[in-house]
Amino acid sequence: GENVEQHPSTLSVQEGDSAVIKCTYSDSASNYFPWYKQELGKRPQLIIDIRSNVGEKKDQRIAVTLNKTAKHFSLHITETQPEDSAVYFCAASRYSGAGSYQLTFGKGTKLSVIP
Amino acid sequence: DSGVTQTPKHLITATGQRVTLRCSPRSGDLSVYWYQQSLDQGLQFLIQYYNGEERAKGNILERFSAQQFPDLHSELNLSSLELGDSALYFCASSVEGGGRRLDGYTFGSGTRLTVV
């Protein structure tokens, strides 16, 4: 089955700096890669996703890049703000028919933005 | 509101007891997934149901069971509870099939279970 590795497990940055979180996956057939943000005690929320037919996607201060050859994808947050402090999870999946859709999550990165 | 409804939000119970957690997926979503998240831990996949049938199983204990009903809501039953079962239990749902574009899971707000 799919295996997703996520690094680093914790990350501290100064407000205004950039943060990068990296994930690798094992299944070359995976084709969908979402990122989730989870604030303390709250539900994980989808913040951005990328599909295997594109290499990069950007939404305001966040961007995701995908390297299919190397089987890794990354989340980039620019101009970090204290409200970006949260745990971020990457995930990977492939869809092969009805009922087959399962996301495999990384173990999470706890991002702390220091004011 | 994510559209995925979980009840109850909080549950406190004693060791050895049995509880039932309930999840209603987003309208139109056929798949329901259950996850366990202990303190400062990641998302541990428990089980998936698709249109009433079990489709995938993760690290679900034998003391735990789940089902999905014809109206697509799902219940997670936890029995012979132990202190270590204290955790946040999330339900998520996803859209798939029928030509709809696949997207990420939508999570409910979770049920916080405390076993004392």
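Checking each residue in the stretch A:100-114 for being touching a Phe, Trp or Tyr at 6+ places or on another chain (Cβ under 9 Å) and either surrounded by fewer than 19 Cβ atoms within 10 Å (Cβ to Cβ) or within 16 Å of B:GLY104 (Cβ to Cβ) (or both) picks out A:SER100, A:TYR101, A:GLN102, A:LEU103, A:THR104, A:PHE105, A:GLY106, A:LYS107, A:GLY108, A:LYS110.
Can you find a residue that is open to solvent by 10 Å² or more (accessible area, probe 1.4 Å), of a type in the set (Asp, Glu) and at the interface with another protein chain (Cβ under 9 Å from one of its Cβ atoms) anywhere in the stretch A:32-47? No, the stretch A:32-47 contains no residue that is open to solvent by 10 Å² or more (accessible area, probe 1.4 Å), of a type in the set (Asp, Glu) and at the interface with another protein chain (Cβ under 9 Å from one of its Cβ atoms).
Out of the residues in the stretch A:87-99 that are open to solvent by less than 10 Å² (accessible area, probe 1.4 Å) and over 14 Å from B:SER94 (Cβ atoms), state the one that is nearest to the other protein chains (Cβ to nearest Cβ). Checking each candidate, the answer is A:PHE89. The condition of being over 18 Å from A:LEU11 (Cα atoms) and open to solvent by less than 50 Å² (accessible area, probe 1.4 Å) does not hold for A:ALA63. Condition check for A:THR78 on (1) away from chain B (no Cβ under 14 Å); (2) crowded, with 20+ Cβ neighbours inside 10 Å: one failure, at (2). When A:ILE50 is tested against (1) buried (at least 19 other Cβ atoms within 10 Å of the Cβ); (2) over 22 Å from B:PHE45 (Cβ atoms); (3) without any contact (Cβ under 8 Å) to a residue 40 or more places away in the chain; (4) not charged (D, E, K, R), just one condition goes unmet, and that condition is (2). Checked against (1) at pLDDT 95 or above; (2) out of contact with any Asp or Glu (no Cβ under 9 Å at 6 or more places or on another chain), A:ALA63 passes all but a single condition, namely (2). Of B:LEU43, B:LEU76, B:LEU88, all but one fail to be within 13 Å of another protein chain (Cβ to nearest Cβ), without any contact (Cβ under 8 Å) to a residue 60 or more places away in the chain and touching a Phe, Trp or Tyr at 6+ places or on another chain (Cβ under 7 Å); the exception is B:LEU43.
Has the stretch B:56-73 got any residue that is facing chain A (nearest Cβ under 10 Å), at pLDDT 95 or above, out of contact with any helix residue (DSSP H, G or I) (no Cβ under 8 Å at 6 or more places or on another chain) and open to solvent by 50 Å² or more (accessible area, probe 1.4 Å)? No, the stretch B:56-73 contains no residue that is facing chain A (nearest Cβ under 10 Å), at pLDDT 95 or above, out of contact with any helix residue (DSSP H, G or I) (no Cβ under 8 Å at 6 or more places or on another chain) and open to solvent by 50 Å² or more (accessible area, probe 1.4 Å).
Yes/no matrix, rows are residues, columns are (1) touching an Asp or Glu at 6+ places or on another chain (Cβ under 7 Å); (2) part of a loop (DSSP other than H, G, I, E, B); (3) farther than 18 Å from B:SER109 by Cβ:
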position: B:ASP29; (1), (2), (3): no, yes, no
position: B:LEU46; (1), (2), (3): no, no, no
position: B:SER65; (1), (2), (3): no, no, yes
position: B:LEU81; (1), (2), (3): no, yes, yes
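Residues of the stretch A:60-115 that are over 17 Å from A:PRO44 (Cα atoms) and basic (Lys, Arg): A:ARG61, A:LYS68, A:LYS71, A:ARG94. Pairing residues of the stretch A:16-34 that are modelled with pLDDT under 95 with residues that are open to solvent by 60 Å² or more (accessible area, probe 1.4 Å) and of a type in the set (Ser, Thr, Tyr), at Cβ distances under 8 Å and at least 6 apart in sequence or on separate chains, gives A:ALA29/A:SER96; A:ASN31/A:TYR95; A:TYR32/A:TYR95.
The values are calculated or read from the model by the stated rules, or taken from the named source; none is laboratory data. This structure is a prediction, so every number in the text was calculated from the model and none was measured. Don't worry about glycine lacking a Cβ; one is built from the backbone with ideal geometry, like all the others, and counts go over all protein chains shown. Heavy atoms of the whole protein, side chains included, go into the accessibility calculation; ligands, DNA and RNA do not. Shrake-Rupley method; radii C 1.70, N 1.55, O 1.52, S 1.80 Å.
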